[in-house]
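Accompanying notes for the structure given below.
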Amino acid sequence: MGLKDPFQCVITMTTHPDMVFHLPTSTRFAVAVHTLAALAVNEGRPVRSQDLARSASTHPAVIRSILSRLADAGLSTAQMGLGGGALLARPAGKISLFDVYKAVEDCEIFSLHRSPPDEKCVVGKYIQAAMLPALDRARRALEEELQRVSIAEVAADIARRGQFTIPWQG
């Protein structure tokens, strides 16, 4: 059974031994950060989608789709022709993780019920209003943290862990 969206994976959540729920979640953000960090590590050298795909363990079409979204948001650009590939459209220090999230994700961080809860039920009638304040605080906290971290910081952490300097000479 294949997934309709290549960016979707399934989290299996077991709440009872006989019941399993599958919650879809997107991997676009993680792959987009991976892609931009690879471009930052290569600092000004174009990187082919095939090479980015191999690094992220995904198909080049997935990378091209993400690069298209990133380009639409002004985060990446392409150099055509021999030796061409993807590049950062602006300095890595000027690209926040929140910029990346906004560029590639289509939905809210937290979603409520797909169908309105039963208004005749005491819980169904008030559950969304009860959840919204906490979800709004959590969303704001996540957005603030993502705004604090740049692609340059992610690339620097990768270089530190890999014990190399940027630009990578591999």
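Brief remarks follow.
- Criterion (touching a strand residue (DSSP E or B) at 6+ places or on another chain (Cβ under 8 Å) and over 27 Å from E143 (Cα atoms)) met by exactly one of S49, S26: S49
- Summed over the stretch 67-89, the residues that are modelled with pLDDT of 95 or more and open to solvent by 20 Å² or more (accessible area, probe 1.4 Å) give a count of 11.
- In the stretch 38-57, residue surrounded by the most Cβ atoms within 10 Å (Cβ to Cβ) [restricted to those that are closer than 18 Å to I158 by Cβ and without any contact (Cβ under 8 Å) to a residue 40 or more places away in the chain]: L52
- Test: residue in the stretch 69-87 that is out of contact with any helix residue (DSSP H, G or I) (no Cβ under 8 Å at 6 or more places or on another chain) and part of a helix (DSSP H, G or I): yes
- Close pairs from the stretch 122-142: first farther than 14 Å from S111 by Cβ, partner of a type in the set (D, E) and open to solvent by 70 Å² or more (accessible area, probe 1.4 Å), Cβ under 6 Å, at least 6 apart: G124/D118; K125/E119
- Test set (1) open to solvent by less than 70 Å² (accessible area, probe 1.4 Å); (2) part of a loop (DSSP other than H, G, I, E, B) - G93 fails condition number: (2)
- Single residue of R114, R64 found to be modelled with pLDDT of 90 or more and open to solvent by 80 Å² or more (accessible area, probe 1.4 Å): R64
- Matching residues, the stretch 130-160, being among the hydrophobic types (A, V, I, L, M, F, W, C), under 15 Å from the mean Cα position of the chain (by Cα) and part of a helix (DSSP H, G or I): L142, L146, I151, V154
- Contact map, the stretch 144-157: residues that are closer than 15 Å to L75 by Cα and open to solvent by less than 40 Å² (accessible area, probe 1.4 Å) paired with residues that are of a type in the set (S, T, Y) and outside any helix (DSSP H, G or I), Cβ distance under 6 Å, separation 6+ or inter-chain. Pairs shown: S150/S96.
- Any hit, the stretch 107-114, residues being closer than 19 Å to S55 by Cα and either in a strand (DSSP E or B) or in contact (Cβ under 8 Å) with a residue 12 or more places away in the chain (or both): no
- Condition broken by W168, with the remaining ones in (1) open to solvent by 70 Å² or more (accessible area, probe 1.4 Å); (2) under 29 Å from A37 (Cβ atoms); (3) outside any loop (DSSP other than H, G, I, E, B) satisfied: (3)
The values are calculated or read from the model by the stated rules, or taken from the named source; none is laboratory data. All values derive from a computational prediction rather than experimental measurement. Positions of Cβ are backbone-derived with ideal geometry, glycine not excepted, and every protein chain shown enters the neighbour counts. The area values use the complete protein model at the heavy-atom level, side chains included, leaving out ligands, DNA and RNA. Shrake-Rupley method; radii C 1.70, N 1.55, O 1.52, S 1.80 Å.
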